[in-house]
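Data block below; observations after.
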């Protein structure tokens, strides 16, 4: 009788622990790119060119992955909703690589400097968009 | 896929001429689109702050384009479900609007003002385009900036967005969307 009670208490504990872990997993915030090993390292101009030439193929290669992109800072946007974007030069007058940072964790950037940024690639929409970025 | 490429190409074609002489065109690459819906598990909110948009006052044409994957949720699991089970964002990477602002009079954006105008055009979500007409608010600032706001409702069923069986009881078919575009004059 006593051993049956112990087994029931253990089973209840395992169930409770499993539910807690499942809830914790569900509540997890989207991951930041900081500290992640990039799946690819590429120049901003090459990245844009790949998307412009074949958006579907480049999307398969880069979307949802952490990639490191090197380029010269073209512009730094105004903070908006806790986010700030940095545009990396691509040699194209219009399109850039747009890197979105959390304002609170935004590194210091200066226009004209060459940097390597890593972030999650969301695709190509005039700019190639990287999110949840960090300096590589 | 073809229509999203067309929209990107249209945006490029609209922007290119103004690099040299455009005076009536407004552009943003940080348009914000947020939505929320009530679920039995609580409110779900998401925001996309990287929408591109071009507005040409001389032709009243308005283009908005955004990456579905650029929507950010509070929880990674929600973002995953949204992209993979609802929006199928690998198949349909963009949501777009191509249309016109109705009732524009000459010089209407030349002085600070707040205007309520109708916007009509094709809203394409999940690869399906539908004609829409919505009310929008336009605020012209003293510094020449233009801010546009539009609140509208989207029915998931209108865009062939199939809610997975597991979520049918917890997710509403109606989603309220808020679009905010802070334009700069080109």
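Here are the numbers:
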item: Any hit, the range A:90-98, residues being within 12 Å of residue A:76 (Cβ to Cβ), under 13 Å from the mean Cα position of the chain (by Cα), surrounded by 24 or more Cβ atoms within 10 Å (Cβ to Cβ) and assigned by TED's automatic domain parsing to the domain that holds residue A:60; result: yes
item: Residue that is at positive phi, more than 11 Å from chain B (Cβ to nearest Cβ) and either surrounded by fewer than 12 Cβ atoms within 10 Å (Cβ to Cβ) or modelled with pLDDT of 95 or more (or both), where the choices are A:35, A:17; result: A:35
item: Test: residue in the range B:76-88 that is more than 14 Å from chain A (Cβ to nearest Cβ) and either within 17 Å of residue B:162 (Cβ to Cβ) or in a strand (DSSP E or B) (or both); result: yes
item: Residue count, the range B:164-181 (criterion: in contact with a helix residue (DSSP H, G or I) (Cβ under 9 Å, 6 or more places away or on another chain), crowded, with 16+ Cβ neighbours inside 10 Å and under 29 Å from residue B:63 (Cβ atoms)); result: 1
item: Residues located in the range A:59-80, provided they are over 25 Å from residue B:32 (Cα atoms) and within 12 Å of chain B (Cβ to nearest Cβ); result: A:60
item: Condition broken by residue A:93, with the remaining ones in (1) at the interface with chain B (Cβ under 8 Å from one of its Cβ atoms); (2) touching a strand residue (DSSP E or B) at 6+ places or on another chain (Cβ under 8 Å); (3) more than 24 Å from residue B:91 (Cβ to Cβ) satisfied; result: (2)
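The values are calculated or read from the model by the stated rules, or taken from the named source; none is laboratory data. On a predicted model such as this, the values are computed, not experimentally measured, just so you know. Glycine also receives a Cβ, built like all others from the backbone with ideal geometry; neighbour counts cover every protein chain displayed.
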